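Please treat every number below as a calculation from the coordinates, not as lab data. Remember, it's a predicted structure, so these values are computed and weren't measured experimentally. With ideal geometry, Cβ positions are generated from the backbone for all residues, glycine too; neighbour counts draw on all protein chains shown.
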Amino acid sequence: MTETHAVDLYYDPYDFEIDANPYPVWKRLRDEAPLYYNDKHDFYALSRYEDVAAALPDWETFRSGRGTVADVIFSGAEIPPGIILWEDPPIHDVHRKLLAKVFSPRRMLGIESQVRNFCARALDPMVGAREFDVIADFGALMPMRTIGYLLGIPEADQAAIRDSTDEVLTLTDDTTVTHFDELTFERSIEVFAEYIDWRAEHPSDDLMTELLNAEVEEPDGTRRRLTRTEVLTYTSTVAGAGNETTTRLIGFMAQLLAEHPDQRTQIAAEPALIPRAVEETLRFEAPSPVQARYVARDTRFHDRTVPEGSVILILNGSANRDERRFPEPDRFDIHRNAGHLSFGHGLHFCLGASLARLEGRIALEELLRRWPEWEIDYDNAARAHTASVRGWARLPMIVPSGRGAPSRSS
């Protein structure tokens, strides 16, 4: 069936009930309406792996320049230059080359010990407790700390920056679209103004200093230093890009390994399996499962036309569960050796993928080092809701009394 409408089939990224478990709806989309149209919010959606994998790298048809979050496209807000997530070639390629050095192997090696030391400071006080919130006490803190180490932001200020990012993204109810406008973007970058100005006078071995000294090559071949606004925008982009999603990844790992204790036991006994557990978590519960695009020219899927000017949602979270691609896709299996689309595909493949993998690996290593067993207190758990990110806002983790030991590194 290739109709965009199917009887009693409705998908809405702003519906909290659907967002809590979108997989049954996404399966129906794949089977009954692989090109779906929502007339309430006026968007199309692609849900099959083959279609999603084809659409993500096709920037000439599916443009990012008006935003890659549905809220931003719907708002019609003017996108300031320098937000690489919301750019198209050729300027995207210039900016990506500049920012790629942020996530170089040298920088990843340089921050691993800092990240691990933070984990010890965060988790060791929980040893001996009966229960703690793996999000509030750990998962929500770790990504901003890690980005802070890269940027050179003092630890005392990192939580406030994380909270300001969360405030922009969070939906307040299941019928409200987050309001974006030019002031939203201005506020998001001005948070970093004081740090940039101070770092200009006090250079160091961090990203801010590198951006202040960076040059870009213009289309005519000339080179220039970045403007202050560009430095602010790049800094804001790096700070916000992996903060929310990595928090959700950590929560999903805690949840899924509580629900699959046999696999958790295998990982605890053989830590070399941890990277596979991270990848399977990313496939099974993509933290950022919905990518929005503006359609720049008429295109066809399943014998139907998506008109130029449309908004389309590319459901990579659905593609990761497509039985046409993955055997038994609704089974969590850390031994699965299959790729996923959680980091995107093509020229917009997530620049911070290596950083997210490093954080996921270290987080799981440090949790298992202290608690090889745990359960989840779902009665006191709560989900976070945005139009593009899924996951837990609160996730109390129950550990056996008397279990756990402080890290040797603490």
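Summary table below
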{"read-out": "Relative intensity, log₁₀ I(q)/I(0), of segment 311-403 from a Debye sum that treats every alpha carbon as a point, q = 0.15 Å⁻¹", "value": "-0.91"}
{"read-out": "Residues whose placed amide H lies under 5 Å from that of residue 43, excluding near-sequence neighbours", "value": "38"}
{"read-out": "Inter-part distance where segment 119-136 and segment 239-316 are each reduced to a Cα centre, Å", "value": "26"}
{"read-out": "Sparse-neighbourhood loop sites, trypsin sites (Lys or Arg not before Pro) in segment 29-107 - DSSP loop, at most 13 other Cβ within 10 angstrom", "value": "40"}
{"read-out": "Using a Förster distance of 41 Å, the FRET efficiency for residue 337-residue 383 (Cβ separation, nearest 0.05)", "value": "0.85"}
{"read-out": "Sorted by Cβ density within 10 Å, fewest first, the residues 111, 147, 73", "value": "111, 73, 147"}
{"read-out": "Beta bridges per DSSP with both ends in the chain, % antiparallel, nearest 5", "value": "90"}
{"read-out": "Normalised contact order of segment 268-316, rounded percent, pairs of Cα under 8 Å and 6 or more residues apart", "value": "34"}
{"read-out": "Within segment 313-386, chymotrypsin sites (Phe, Trp or Tyr not before Pro) in DSSP loop having at most 15 other beta-carbon neighbours inside 10 Å", "value": "349"}
{"read-out": "Relative contact order [Cα under 8 Å, 6+ residues apart], the chain, whole percent", "value": "27"}
{"read-out": "Order of 350, 119 under a 10 Å beta carbon neighbour criterion, fewest first", "value": "350, 119"}
{"read-out": "Low-density loop positions, chymotrypsin sites (Phe, Trp or Tyr not before Pro), segment 255-305 - DSSP coil, at most 15 other Cβ in 10 Å", "value": "none"}
{"read-out": "Residue order, fewest to most beta carbons within 10 Å, for 209, 146", "value": "209, 146"}
{"read-out": "Rg ratio (alpha-carbon, reference 2.2 N^0.38 Å) - the chain", "value": "0.98"}
